[in-house]
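Enquirer: Have a look at this one.
The values are calculated or read from the model by the stated rules, or taken from the named source; none is laboratory data. Every value quoted in this text rests on a predicted model; they were computed, and no experiment measured them. Here the Cβ positions follow ideal geometry from the backbone for every residue, glycine too, while neighbour counts run over all protein chains shown.
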Amino acid sequence: MIYQNKKILIIGGTGTIGYHLTKRLLEDNPKVIRIFSRDEHKQFQMNIDFRDYQDRLRFLIGDVRDYQRLLRAMEDIDYVFHLAAMKHVPACEYNPFEAVQTNVIGTQNVIQAAIQAGVKKVLFTSTDKAISPTNTYGATKLTAERLISAAEYQKGPKTTIFSSVRFGNVMGSRGSVIPLFKKQIIEDKVITVTDLNMVRYMMTPSQATSLVLEANILAEGGEVFVLKMPVVKLSDLVKVMIEEISLKNNIDPREVKVKETGLRPGEKMYEELMTDDEARISAELPDMYVIPSLFKEQKNSNVQVRKPDVLKEKSIQIEVLRDWLLTENLL
C-alpha cells in the first residue's frame, strides 16, 4: 500500500473517476486526500457521501487555469492525479479556446506546480480520442499527453515522475450515453442515437480506477498506459438497455423507439487505442499496453517488452456487456 500515510491531490476529483478513485484510495489509509474542483455542489454532496472520512478529506474550490491556486493545493503533496478536463466533444468544438485553456494550459499549470512543489508522481488521464484526433477535444488531450511526456525531459534535476493513462468511454460517467439512454427510455420511450453502427472502447469505473492505480505504481517517467478495452457496439448497448430498463420500470420494450440523429461535428465512427508507430515501440502487460516516453531511451524496467499482437480488441459479447452494466449498477 504505497499510499498509506501519504498526501494525495485529485484534480477534478468530483467527477466519476475522481469519486471512485477517492473511495478506493481511502482503503489504503492515506494521511489526506485533497479534492480539487470548481463544482461546489458536487463537493458538498461528496463530503456528505464520505462523512465517515472527514478527518482525511479536504475539499478545495479551484480551477486548473489558476496556477497559483494549483501551487497552493500541491503544498506537501506526494501524489497528484490529474483528472480535470473539458471533455464534451460538442462543447469543445463550439468553444475551442476554452478547451485549450483547460486541457492544454491547465495541464501545463499542473506540471509546473508539481515540479515547483516537489511532488513525487503526477498521473494524467487522457483519452482514446487523442489518437488521430478529428475534434478539438482529442487534439487538446493529445497535446496534454505530449506535455506530460515532455515534462520528463524538461524538469531538469527535479525528481517528479510524470505519466499518462489513456481511457476509453467510462460507463455511467457524467456525459456518457448510459444515463442519457436510461432517462430517455423511462421518460420518453425514445432513444436518440447518433449511429447504431458506431463502436466504442468502453470500460467500467472500477476498471478505470484499477488502471490508474496500477499505472501510477509502474510509472518511471513519460509513459502512456493503455487499458486493453473491449469494443462495444452501440446497437448492442441500446438493445441491452431497452430490455433491462423496460423490465425494471414495467415498460413494454416494443414501445421504445430508436431514432438515429447522425454524427455530431468532430465525431468518429470508430476509435483507436494507439497508432501503428506507438504499437511498434510499446510493451505489453496482461491488462494494458505501455507506450514508453519519446524523451527517454531506457525501457520501463517494470514491464516485459513485447509488441502487441493486435491493436483492435474484440467486440464484447452482448451478455458480457449486460453483466457489466448490472454489476456496476448502471441500469
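Enquirer: Kindly indicate whether GLU152 is out of contact with any helix residue (DSSP H, G or I) (no Cβ under 8 Å at 6 or more places or on another chain), within 23 Å of ALA279 (Cβ to Cβ) and in contact (Cβ under 8 Å) with a residue 40 or more places away in the chain.
Expert: Against the criterion (out of contact with any helix residue (DSSP H, G or I) (no Cβ under 8 Å at 6 or more places or on another chain), within 23 Å of ALA279 (Cβ to Cβ) and in contact (Cβ under 8 Å) with a residue 40 or more places away in the chain), GLU152 qualifies.
Enquirer: Across segment 222-234, what is the total count of residues that are assigned to a strand (DSSP E or B) and under 19 Å from the mean Cα position of the chain (by Cα)?
Expert: Of the residues in that region, 6 qualify.
Enquirer: May I pose another question? Out of all the residues in segment 94-101, is one or more closer than 26 Å to LEU180 by Cβ, among the hydrophobic types (A, V, I, L, M, F, W, C), within 17 Å of the chain's Cα centre (by Cα) and surrounded by 22 or more Cβ atoms within 10 Å (Cβ to Cβ)?
Expert: Yes; the residues of segment 94-101 include at least one that is closer than 26 Å to LEU180 by Cβ, among the hydrophobic types (A, V, I, L, M, F, W, C), within 17 Å of the chain's Cα centre (by Cα) and surrounded by 22 or more Cβ atoms within 10 Å (Cβ to Cβ).
Enquirer: Which is closer than 30 Å to VAL177 by Cβ and among the β-branched types (Val, Ile, Thr), of ILE8, ILE61?
Expert: Only one candidate qualifies: ILE61.
Enquirer: How about segment 35-132: which helices (runs of 4 or more DSSP H) wholly inside it have at least 1 residues that are touching a His at 6+ places or on another chain (Cβ under 9 Å) and touching a residue at least 24 places away in the same chain (Cβ under 8 Å)?
Expert: Per the criteria, 106-117.
Enquirer: Hey, among the residues in segment 121-148 that are in contact with an Asp or Glu (Cβ under 8 Å, 6 or more places away or on another chain) and among the small types (Gly, Ala, Ser), which one's surrounded by the fewest Cβ atoms within 10 Å (Cβ to Cβ)?
Expert: Among those residues, the one meeting the criterion is SER132.
Enquirer: Same structure, new question: Here is a check on your reading of the model: is VAL256 of a type in the set (Val, Ile, Thr), more than 30 Å from TYR3 (Cα to Cα) and modelled with pLDDT of 90 or more?
Expert: In short, yes.
Enquirer: Quick check on my filter: what residues within segment 174-221 are hydroxyl-bearing (Ser, Thr, Tyr) and not in a loop (DSSP other than H, G, I, E, B)?
Expert: Correct list: THR192, TYR201, SER206, THR209, SER210.
Enquirer: Related question: Within the group PRO308, PRO286, PRO292, which residue is surrounded by 11 or more Cβ atoms within 10 Å (Cβ to Cβ) and at pLDDT 80 or above?
Expert: When all the criteria are applied, what remains is PRO292.
Enquirer: Now for a separate question. Given the residues ILE17, ILE2, which is the only one that is of a type in the set (A, V, I, L, M) and either more than 19 Å from GLU214 (Cβ to Cβ) or surrounded by 19 or more Cβ atoms within 10 Å (Cβ to Cβ) (or both)?
Expert: ILE17
Enquirer: Kindly check whether there is at least one residue in segment 185-193 that is closer than 30 Å to ASN109 by Cα and at pLDDT 90 or above.
Expert: Checked segment 185-193: no residue is closer than 30 Å to ASN109 by Cα and at pLDDT 90 or above.
Enquirer: Let me ask something else. Could you check GLN54 against (1) within 25 Å of MET86 (Cβ to Cβ); (2) more than 19 Å from the chain's Cα centre (by Cα) and say which number it fails?
Expert: Answer for GLN54: the failing condition is (1).
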